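Accompanying notes for the structure given below.
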Amino acid sequence: MGLEIIEILLIFEEEFRIKIPDEAIQPMETAGDLYELVVTQIRKQHPDRFDANDSYGDQVWQTIKWTLHEVVGTDLDVIRMESRLDKDIGIMS
């Protein structure tokens, strides 16, 4: 795993107040994979967040997009669920 993705995961841990266990980190190919990893951990550790707010998943996605934009410098329009982390977004593995 590259340093950029580790930095990004640490930001998500702080932002969402979650812990992403090493064993939960599978090879991620797309921004959607990253989203699913974060959402899975939020649902496990803070299930009430989704129950109380139907739009919480969208808020999570917007935070992921903005973080990728800030850390890597990728244009927000390029970051979609199907965007490849390496080729489209520019995260080195």
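Descriptive notes on the structure:
Residues are listed down the side, and each one gets a yes or a no for (1) assigned to a helix (DSSP H, G or I); (2) at pLDDT below 95:
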| position | (1), (2) |
| --- | --- |
| Met28 | no, yes |
| Arg43 | yes, yes |
| Trp61 | yes, no |
| Lys65 | yes, no |
| Leu68 | yes, no |
| Asp88 | yes, no |
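- Pair list, Cβ < 8 Å and 6+ apart or interchain, from the stretch 68-79 residues that are at negative phi to residues that are assigned to a loop (DSSP other than H, G, I, E, B) and of a type in the set (Val, Ile, Thr): Leu68/Thr74; Leu68/Ile79; Leu68/Ile91; His69/Ile79; Val72/Ile91
- Hits in the stretch 1-36 (condition: free of Cβ contacts under 8 Å to residues at least 60 places away in the same chain and closer than 17 Å to Ile79 by Cα): Leu9, Phe12, Met28, Glu29, Thr30, Ala31, Gly32, Asp33, Leu34, Tyr35, Glu36
- Any hit, the stretch 33-53, residues being within 16 Å of Ile91 (Cα to Cα) and of a type in the set (Val, Ile, Thr): no
- Against the test of being on the phi > 0 side of the Ramachandran plot and among the charged types (D, E, K, R), the options Arg17, Arg49, Arg43 yield a single qualifying residue, Arg17.
- Here Thr74 meets the list (1) surrounded by 14 or more Cβ atoms within 10 Å (Cβ to Cβ); (2) part of a helix (DSSP H, G or I); (3) touching a helix residue (DSSP H, G or I) at 6+ places or on another chain (Cβ under 9 Å) almost entirely, failing just condition (2).
The values are calculated or read from the model by the stated rules, or taken from the named source; none is laboratory data. Quick caveat: nothing in here was measured; it's all calculated off a predicted structure. Glycine also receives a Cβ, built like all others from the backbone with ideal geometry; neighbour counts cover every protein chain displayed.
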